[in-house]
Amino acid sequence: MKKIVLTVLFIMIGFFPGCRSNHPSTIIIDPEFNPNNITRILVTPVVSSISDGDDRHRMSEQTTQRVLWEHLSRMSDYVLISPQSFSFALVKANKTNEVKKFKNDWIEGKGADPELLKSLDKYLDIDVILIPEIYLWHKDEADYREYGASSVTQVGMRISLVSPLSGKILWEATDQNYLESLRTEGKRVLVQGAGGYDKRIEGISETGRDIYSAPPFENVLVKVVGAIMTAFPSRSMVRK
């Protein structure tokens, strides 16, 4: 499905004086999209393109679904319909066997099957479907003995609002971010205190080895979701 509509790169320096970062990194808006026409939003389960080898317990899906829902639930503009309702609607429509294809098609850039979306609309009466996608979920842990080494955790996410009638993307925001580690030496963690002096505090890396332990995924995810939600369309936004 052709996804290219009106692409807007929000350079945050221009829109938010004093802010040097570009988060979210990209926003795509359909020219005819009007959030004032939206009331009910169905949130689908998180689509993750991270392989089982890199995410054996599918934490990229579970953690993201929890953090995203916490942010969405703070909004008062819309009626939110949970991912559980998405699953229940598929059962009623006798389309539970199409979930895997739905996720694979989305990851491969084929978009969402309009017929499947119409089935969801039939049982849930929705105005738009929110599809969250995780495309980056990575930790790079370095040996502390390497000069200048630092472990990093990276998360990349995309949130799309899709028409349940056509499968067309109406609004989409993408962002990714990272956090570097604290240095660990056995059970000691070094952090820089006031005056530039290293301060030792208790702690150990997740692997128990002498390394710079990469920060938890959730710490980075919160930054990414937060950035995207600052750009999430509001029903009260002014339109020319």
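The values are calculated or read from the model by the stated rules, or taken from the named source; none is laboratory data. Please read all numbers here as calculations on a predicted model, not as lab measurements. Backbone-built Cβ (ideal geometry, glycine too); neighbour counts: all protein chains shown.
Report whether or not MET75 is part of a strand (DSSP E or B) and either among the hydrophobic types (A, V, I, L, M, F, W, C) or surrounded by fewer than 18 Cβ atoms within 10 Å (Cβ to Cβ) (or both).
Working: part of a strand (DSSP E or B): no; either among the hydrophobic types (A, V, I, L, M, F, W, C) or surrounded by fewer than 18 Cβ atoms within 10 Å (Cβ to Cβ) (or both): yes.
Here the answer is no, as MET75 does not meet what is asked.
Looking at (1) at pLDDT below 90; (2) crowded, with 20+ Cβ neighbours inside 10 Å, which is the one condition that is false for GLU172?
Every condition holds for GLU172 apart from (1).
From the set of residues in the range 105-116 that are under 17 Å from the mean Cα position of the chain (by Cα) and in a helix (DSSP H, G or I), which is farthest from LEU165 (Cα to Cα)?
Residue satisfying both the conditions and the ranking: ILE107.
Please specify each residue of the range 160-169 satisfying the condition of being surrounded by fewer than 19 Cβ atoms within 10 Å (Cβ to Cβ) and part of a strand (DSSP E or B).
none
Looking at VAL91, VAL67, can you tell me which residue is without any contact (Cβ under 8 Å) to a residue 24 or more places away in the chain, among the β-branched types (Val, Ile, Thr) and farther than 15 Å from PRO233 by Cα?
Values: VAL67 fails: without any contact (Cβ under 8 Å) to a residue 24 or more places away in the chain.
None of the other options fit; the residue is VAL91.
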